[in-house]
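The values are calculated or read from the model by the stated rules, or taken from the named source; none is laboratory data. Not measured: the values here are computed from a predicted model. Cβ placement follows ideal geometry from the backbone for every residue including glycine, while neighbour counts extend to all protein chains displayed. SASA here: full protein model, heavy atoms, side chains in, ligands and nucleic acids out. Shrake-Rupley method; radii C 1.70, N 1.55, O 1.52, S 1.80 Å.
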Amino acid sequence: MAAESQPKKAGIVALVGRSNVGKSTLLNALVGTKIAIVTPKPQTTRHAIQGVIHDPRGQIVLVDTPGLFLASSDSLTSRLNEKAKESIQGVDAVLYIVDPTRHVGDEEKAVHRMVAAVKQPKFMVLNKADQDRPFLHEYLAWKDEFDGIFEVSADTGRNLKPIVEALLEKLPEGEPLYPPDRITDIDNTFWIGEVIREKIFLNMHEEVPYTVHVRVDEIAERENGITYIHATVMTKSARYKKILIGTRGMALKRIGTQARKELETVVGKKVFLDLEVVVEERWPEQFE
C-alpha cells in the first residue's frame, strides 16, 4: 500500500516534568519555531500551550504544561500544580522530561508518581545530553516503566527525530485536530503578553517575576504603518511596581525595548509598545 493511502495518526501528547527541565524548549524545538516562552526561572509556563507537529504520516499535538513546583504553597503555585495534573487527563501519550543534571528530589518523585499512574504510552526524555549529567543513573532506575527512553538536548536539537517516530507509532488513527497552516492554539494577544512576561522574567531577579501578570489591552494599526500595543503589567505590591519601573523608568524601558524588538522581528513591521505598571494585589487569586 502506498504511503499516501495509509491511515493517518493523530493525537495529543502532554509534556510533563518539574520546573526548569526544558519542557518549553523541547516543545519549540520539536515544532520548529518559538511558541512557548523560555526562561531559567521556575513557573515560567502558566498555561497548557499547544504546539503542532505536521507530518505526512499524521499530526502530533504537543501540550506544554506548567512544571510541578513544591517550594511554595501560594495560590498561584497551587493553581499551576493543578493545571499540571489536569494536563495528563485524556491525552494519548506522555513525554516525561527530566533533567539529570539535578538530583532526584521530592518534586521529581511527585511528578514520577503522577506519570506512573498514566495508562497511555509514555516515554522518558533525558534532557541536557550536551551537558555533564551526574545524576543520570537515578533516572535510569525507572527506565523499565516506559515505552521508550530518549537521550536528547532540547537546546541544540540533538536526537529529536526518534521522539517523533515513536509517538507516531503509538498514537491512534484519526483525523487531524488542526488545519495544516496552524502550529499552535494561542492567539496573537496571548502571545504578545507572553513575550513581555518573558522579558520581565529575564530582567528581574528573585521573587519579582512571580508577582507579575501581563494583560494586553489594545492592539491597533496606525496610519503610519506602526502597530501600537498597550499592555498592563500587574504586580502584587507597590514595592514590586517600583522595582519593575526602576530608577528613572530604566528597568521598564529595558523590558519594553527587548519585547518590542522580538515583536518587530516576528510581525515584520515597526511596533510602538506602551507598557504600564499597576498594583493589583488579588490577580493571582483571579488566575485562570
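Miscellaneous remarks
- For the chain, size of Cβ-based charge dipole, Lys and Arg +1, Asp and Glu -1, in debye: 760 debye
- Length gained when the stretch residue 135-residue 205 is fully extended (0.36 nm per residue, less Cα-Cα span): 22.4 nm
- Relative protection proxy for 183-191, 52-60, from highest mean packing down: 52-60, 183-191 (other beta-carbon atoms within 10 angstrom).
- Close amide-amide hydrogen proximity is noted between residue 184 and 52, each under 5 Å apart and 5 or more residues distant or on a separate chain (H modeled in the peptide plane; Pro and chain starts excluded).
- Each label point was placed 7 Å from the Cα along the Cα-to-Cβ direction; for residue 106 and residue 250 their separation is 4.0 nm.
- Between residue 223 and residue 242, full extension at 0.36 nm per residue minus the direct alpha carbon distance yields a gain of 3.4 nm.
- Region 91-244: C-alpha gyration tensor shape, a/c 1.5 cut-off, then a/b vs b/c: oblate
- Counting all C-alpha pairs of the chain, share separated by more than 32 Å (%): 30 percent
- The helix-based estimate of mean residue ellipticity at 222 nm for the chain, built from -39,500 (n - 2.57) per DSSP H run of four or more residues and divided by its residue count, is -9500 deg cm²/dmol to the nearest 500.
- Antiparallel bridge percentage (DSSP; both residues within the chain; nearest 5): 40 percent
- Point-to-point label distance, residue 188-residue 276, nm (Cα→Cβ direction, 7 Å offset): 2.1 nm
- Beta bridges per DSSP with both ends in region 150-279, % antiparallel, nearest 5: 50 percent
- Based on protein heavy atoms only, region 190-238 ends up with 42 Å² per residue of surface accessible to a 1.4 Å probe.
- Amide hydrogen neighbours beyond the local backbone of residue 59, cut-off 5 Å, H modeled: 9, 10, 11
- Cut-off 15 Å between beta-carbons: net charge of the residues surrounding residue 257, Lys and Arg +1, Asp and Glu -1: +3
- Residues of region 101-123 with an amide N closer than 12 Å to a point placed 7 Å from the Cα of residue 144 along the Cα-to-Cβ direction: none.
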